[in-house]
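Working notes, structure below.
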Amino acid sequence: MSTRQALTILLLLLLAGGVILLNRPEYIPGQQATRGDGHDAFMEDMTLSVMDEAGQPVYEMTAASMTHHDGRNMLVMHNPLVHIRRPDGSTWTITASRGEAADSGDRVWLPGAVQLHRDASGAHGVMQITASDVLVKPRDKQAMTDHKALIITDTIRVEAVGFKADFETNRLELNSQVRGTINGAG
């Protein structure tokens, strides 16, 4: 299959998916179905790569397995990983044992234990955040929770209840009960 044929098929699939998505009600992460919907699709080793208008990667979501639930407009994933690329080229990787996502992939709900990891870049070192029940908005490059979080870098160790991370601006807002230590402050 030539590259041109592959691109044509990919564009047709994206167009069909867009039409389906536009005709479905909005999914709210964490929402429970009131009826026993079955699934209409199952996939192992799923990868979803989203690019911007210039063809540059915005985010990638992978999972060991994914089930699409008919009528709920939702993907249920096992061992999801969300990779969000920052403008400086560094990457945040968000992992959990399970997750739910809107069909569009614009909102990903990760219940239970979640790890957020920032790779080191020229301007910033590695950062590790341990939290629970995290809502990720990969297209907006944001993650948030109202639960306890532990933030660790090579110079800080901070605990807080609730945070909002903006990966685009590299900003982390801590909501309440913030306490910790900063090593090497001058």
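The values are calculated or read from the model by the stated rules, or taken from the named source; none is laboratory data. Keep in mind it's a predicted model, so treat the numbers as computed, not measured. Glycine also receives a Cβ, built like all others from the backbone with ideal geometry; neighbour counts cover every protein chain displayed.
General remarks:
- Remark: PHE163 matches the filter, which requires a residue to be more than 21 Å from PRO57 (Cα to Cα), in contact (Cβ under 8 Å) with a residue 24 or more places away in the chain and not polar (S, T, N, Q).
- The residues of the stretch 128-144 that are under 22 Å from THR91 (Cβ atoms), assigned to a strand (DSSP E or B) and not small (Gly, Ala, Ser), listed by number, are GLN128, ILE129, THR130, VAL134, LEU135, VAL136, LYS137, GLN142, MET144.
- LEU150 being in contact with a Pro (Cβ under 7 Å, 6 or more places away or on another chain) and aliphatic (A, V, I, L, M): no
- Yes/no for MET74 being crowded, with 16+ Cβ neighbours inside 10 Å, modelled with pLDDT of 95 or more and out of contact with any Ser or Thr (no Cβ under 7 Å at 6 or more places or on another chain): no
- Positions within the stretch 109-144 being out of contact with any Lys or Arg (no Cβ under 8 Å at 6 or more places or on another chain), buried (at least 20 other Cβ atoms within 10 Å of the Cβ) and farther than 20 Å from VAL158 by Cβ, in sequence order: TRP109, PRO138
- Pairing residues of the stretch 108-126 that are of a type in the set (A, V, I, L, M) with residues that are at pLDDT below 85 and in a loop (DSSP other than H, G, I, E, B), at Cβ distances under 8 Å and at least 6 apart in sequence or on separate chains, gives VAL108/PRO29; ALA120/SER90; ALA123/ASP88; VAL126/ALA120.
- For the stretch 61-118, no strands (runs of 3 or more DSSP E) sit wholly inside it while including 3 or more residues that are of a type outside the set (A, V, I, L, M), under 16 Å from ARG139 (Cβ atoms) and touching a strand residue (DSSP E or B) at 6+ places or on another chain (Cβ under 6 Å).
- When the stretch 145-165 is filtered for residues that are part of a strand (DSSP E or B) and surrounded by fewer than 17 Cβ atoms within 10 Å (Cβ to Cβ), the ones remaining, listed by number, are ASP146, HIS147, LYS148, LEU150, ILE152, ILE156, ARG157, GLU159, VAL161, LYS164.
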